[in-house]
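What follows is a short report on a single structure.
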Amino acid sequence: MITRRTFLQIAGWCAAPAAVGVLAGRRSIAWAVDRGTARLTALVRSPEDRLRSHFSYLTLDMAGVEQYFADHQRTFGPLPRHLPLSSDFCTRYLMSTDFFHHGADESRLVRYVGFYDPDLTTCNNPMARFDDAD
Amino acid sequence: MVSPPIDHDGAFDLILVGSSFASSFFLHRYLERASSSVRVLVLERGELREHAWQLAHRDELERQSDAAVNTGQSAKPWIFRVAFGGSSNCWWACTPRFLPEDFRLQTKYGVARDWPLSYDDLEEYYSAAEELMAVSGPADGSPYPRSRPYPQPPHRFSDPDRLFKQRFPDAFFNQPTARPSRAIVSGRPRCCANGVCSRCPIDSKFTILNSLRHLYESDPRVTLLTGATVTHLDVANDRVTGVRYERAGVESTARADLVALGANALFNPFLLLRAGLTDGNPGRGLLEQVSVNVEVDLAGVDNFQGSTSITGLGYMLYSGDHRRERAAALMESWNVPVLRDLRGKWRQRLRLKFIYEDLPQPENRVTIGSDPAKPDIHYTRHSDYAQRGVDRLESDLARVLAPLPVESYRVIRPDTLTTEGHILGTTTMGDDPATSVVDRQLVHHRVRNLLVLGGSVFPTISPSNPTLTICALSLRAADTLLAPSTGRSS
């Protein structure tokens, strides 16, 4: 059961960016609301669940999502479990799958193919084209 | 400790300090022109580190270079490598030439000073340097006159590049680069757009290690000593009479008819100052370019189809009368996939980098301090001339971005503490000994058996990447030195 102290902490967390947004304009309000919602969600849902939710319009290979988190932790260290997932984290996941290899086809199962790290897995840029070359 | 000179079995014809671009291109041409009996000693402060070792010890290499200088109160980073091949181990292999007007800034725009030589004086050496590096470049013209086509065909444009090219056919080109667009017989694979070029994981970009190592290891005229830190030049009667260096805790002295400093713009002036060679104010005018990133979100145009990390160069803000009052800029179009986190628009983002020239400021300088092996670096900020260029960018963007379907963009303001990875100025080239350190042949004005090579001799720096010009100057210096009429090759 949520305590009064926890409720106030959550409310404060969510209100702060919203207040900044009010001061900065309507566009920022939308950003602040999104951010506040993400922070709230981060308190109650696992990061894996939130990544699947972020890409709710795609069918993700579930074991691959778990593997991505493990590989990310191995490379960059532990992920703060109660902070929103960064855009870089989410797009790196996409780069680590076969999504772009298949022309960003949203109807296909998105399979994890390996942690996207060009230092370790070389010549694996799924977007580069060499058809003018050899 | 000071020990007797190491037994070098007599004097050398040439002592080279450093093994990066400036030294290696000089050595290449020197060995082509010199007789079979010459003896060359190369003193390299770093060790010869294989490519695989460098990949595994990147942090160590960065710490080593950071520890080699005193930056004092200035937190601005200066990127270089203390290793055989120097900064060729960490460059991005961008190889545009300077424009002809870059050599005539005073004559054409009334700004700073002219170089004592012209684009035409360097043209054949630019071509030779491009051949040695197997540079890939545009096949449909270029912003500067060329006597030969590029050795390799251009890299593939991204789709935004194609839009730039349609709108600015004479001001937008494939980036010339020593990241090859085709595999090279000697073993360098084709660039495959990993996008981490400072440490190219497949050893594709040109480095001294992968392409000119044979000069040091296979030519019997050359002796390479790694781990040898040059600490002092002995000068008497306007001649360098000895080069003191420390290796494995032992100080030695080597002697040669000719000494060439090819360290970098931090260490070249440092060694001159330590030798008491203050003519022409070595150390003053340390500088590099200033860059601003612009992140553009596109509407309906995907990006990242190019075949290398940086695919296009824009000259829209380079030449023109604006250069009388504010800095020229070169625009880089980036192809490293940094995605938008937005459904269906993942690839609709473009990073542009605007690189502004700077002018030398006397307060930005290298001095000697208490440490006999470390230069002291003083850097405050870039010039007002550069800043005026930067300040103008937002109003210039309407014209520059016109070919693109722009949804929004963000200008990421420059920070004077960031770096373009270039180290320039400090031992200026010129005709007047009162205001320059070396002449147009890169020979010290007073000490005539001493050459200074590299980006330290640039009187002005242009917005263009400096490495190809450094290499061309070194080829020319060796050629001039050993021209048959001088008789020095025998």
Legend entry - Amide H contacts of B:R39 (H built 1.01 Å from N, under 5 Å, at least 5 apart or other chain): B:D13, B:L14
Legend entry - Length added when fully stretched, B:R162-B:Q73, from 0.36 nm per residue minus Cα-Cα: 27.5 nm
Legend entry - Cβ-based exposure ranking for B:L105, A:L109, B:L273, in which fewest neighbours within 10 Å come first: A:L109, B:L273, B:L105
Inset, instruction - Using +1 at the Cβ of each Lys and Arg and -1 at the Cβ of each Asp and Glu in the protein assembly as shown, identify which of B:L277, A:Q73, B:P116 lies farthest towards the dipole's positive end. - result: A:Q73
Legend entry - Dipole-positive endmost among A:C123, B:L451, B:H214 within the protein assembly as shown (Cβ charges, Cα centre): A:C123
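Work out, step by step, the length gained on full extension between B:R413 and B:V338: first 0.36 nm times the residue separation, then minus their alpha carbon distance; give nm to one decimal.
Numbers: separation 75, 0.36 × 75 = 27.00 nm, distance 1.88 nm.
Answer, rounded to one decimal: 25.1 nm.
When B:I202, B:I15 are ordered from fewest to most other Cβ atoms inside 10 Å of their Cβ, what list results? If you can, show how the numbers build up before the last one.
Numbers: B:I202 15, B:I15 27.
Fewest-to-most ranking of B:I202, B:I15: B:I202, B:I15.
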Legend entry - Packing-based exposure ordering (other Cβ within 10 Å, fewest first) of A:R52, B:R440: A:R52, B:R440
Legend entry - Cys residues of chain B counted as unpaired, since no other Cys beta-carbon is under 4.7 Å: B:C90, B:C94, B:C191, B:C197, B:C200, B:C471
Inset, instruction - Report, in whole Å, the centroid distance computed from the Cα atoms of the stretch B:124-161 and the stretch B:179-226. - result: 19
Inset, instruction - Bin width 10 Å, alpha-carbon pairs only: give the P(r) of chain B as whole percents, running from 0 to the bin holding the largest distance. - result: 4, 20, 31, 27, 13, 4, 1, 0
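Taking square-rooted eigenvalues a ≥ b ≥ c of the alpha carbon gyration tensor, is the stretch B:306-381 rounded, prolate or oblate, where a/c under 1.5 means rounded and, failing that, a/b exceeding b/c means prolate? Don't skip to the end; give the middle numbers.
Values: a/c = 3.40, a/b = 1.70, b/c = 2.00.
Cα axes put the stretch B:306-381 in the oblate bin.
Starting from the stretch B:45-91, pick out the GluC sites (Glu not before Pro) whose DSSP state is loop and whose Cβ has at most 12 other Cβ atoms within 10 Å. Could the numbers behind the result be given before it?
Values: sites: B:E47, B:E50, B:E60, B:E62; in loops: B:E50.
Passing sites in the stretch B:45-91 are B:E50.
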Legend entry - Estimated dipole of the stretch B:12-481 in Debye, rounded to 20 [Cβ of Lys and Arg +1, of Asp and Glu -1, Cα centre]: 780
Legend entry - Electrostatic dipole magnitude of the stretch B:281-359 [Cβ: Lys, Arg +1; Asp, Glu -1; Cα centre; debye, to 20]: 200
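Coordinate-derived values only; no laboratory data. Worth saying up front: this structure is predicted, and the values here are computed from it rather than measured. Cβ coordinates were reconstructed from backbone atoms using ideal geometry, including for glycine residues, and neighbour counts include every protein chain displayed.
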